[in-house]
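Each remark here refers to the structure printed beneath this line.
No lab work stands behind these numbers, since they all come straight from the coordinates. Quick caveat, the model's predicted, so the values are computed rather than measured. Don't worry about glycine lacking a Cβ; one is built from the backbone with ideal geometry, like all the others, and counts go over all protein chains shown.
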């Protein structure tokens with residue numbers, strides 16, 4: 001299947017009209033273009049300043065895109081230079097590839113290197129990743145797996161860097177969570193933190209001496225993260241990042257499968273909080289397989305919210321992307337297709 005140029009053009013038109021109709025909006029990441037990198041041969045996607053939700057089957061590069069945006073924004077904002085193996089593990093083969101920031105006015109970030117046939121079926125000679133960045137922001141990447149219950153993995157990763165296949169997003173999120181909470185907290189942060197406290201029935205406490213995380217319950221009980229449900233730990237991580245200003249107005253949040261280990265009720269609350277963060281100029285990138293998450297965004301999004309769905313799908317020419325403000329209008333929608341197949345199997349079973 002080939003990429004339909006008219007489909008991409010119409011999708012971009014719907015996107016641009018959505019943004020222009022809401023006036024000038026602060027944003028950091030404006031566009032991503034990937035050429036000959038893993039599953040991508042020539043893929044470009046425009047980004048909304050609000051919430052960007054990436055969907056697609058396994059193997060369509062959702063996590064890859066989030067990691068590349070994380071590296072680009074971090075490099076541009078802090079000048080900390082990542083190696084390709086920092087993000088994808090030391091077994092990832094992209095010979096001699098390092099991240100480079102262009103010095104022009106567009107703030108476009110480029111990754112350049114030589115791919116090996118063993119890593120991708122596309123057999124390119126050069127790989128490029130361009131991330132169009134408009135402003136310097138603090139950036140947080142939350143992996144799908146929870147790691148605050150294993151804070152000593154930072155030491156393990158540093159001690160056995162050459163033998164372990166851990167990527168930098170794991171150690172980075174622990175380090176960001178360990179930042180201390182300042183004395184002055186904004187009303188915006190306190191409001192969201194209070195909602196999370198109601199969900200976990202307490203607050204997070206970081207023991208700086210032992211480097212461990214706890215949840216102090218409202219009734220006085222204290223539980224280490226290791227003894228809490230993983231859904232509570234996920235909420236606890238978000239609480240800590242908001243309270244210590246890792247996530248704050250004007251920052252960028254990238255979250256891989258935020259719905260994992262959450263109940264449907266929790267998913268509803270999660271969407272409320274993500275929309276609230278977006279309304280306070282936090283640009284958000286999500287990768288998900290969850291129908292409920294998409295549906296809640298559809299129900300809860302208000303006219304002035306910016307929510308864009310990006311569907312990654314496989315073609316004979318690499319993975320392509322289709323974007324729309326309405327996920328029901330996406331021609332390629334792996335989540336809807338999976339639910340339709342389940343319904344058909346259920347009806348067939350009854351008959």
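Distance between the 7 Å Cα→Cβ label points at residue 317 and residue 302: 4.2 nm.
Put in order of Cβ neighbour count within 10 Å, fewest first, the listed residues 44, 35, 208, 259 become 208, 44, 35, 259.
For segment 147-246, the spread of Cα positions along the three principal axes, ordered from largest to smallest, is 43, 27, 24 Å. Exposure proxy shown here: for 64, 194, the number of other Cβ atoms within 10 Å sets the order, fewest to most, as 194, 64.
Computed from the Cα positions only, the extents of segment 207-316 along the three principal axes stand at 51, 30, 29 Å, in decreasing order. Applying 0.36 nm per residue to the separation of residue 135 and residue 198 and subtracting their alpha-carbon distance, the gain on full extension is 19.2 nm.
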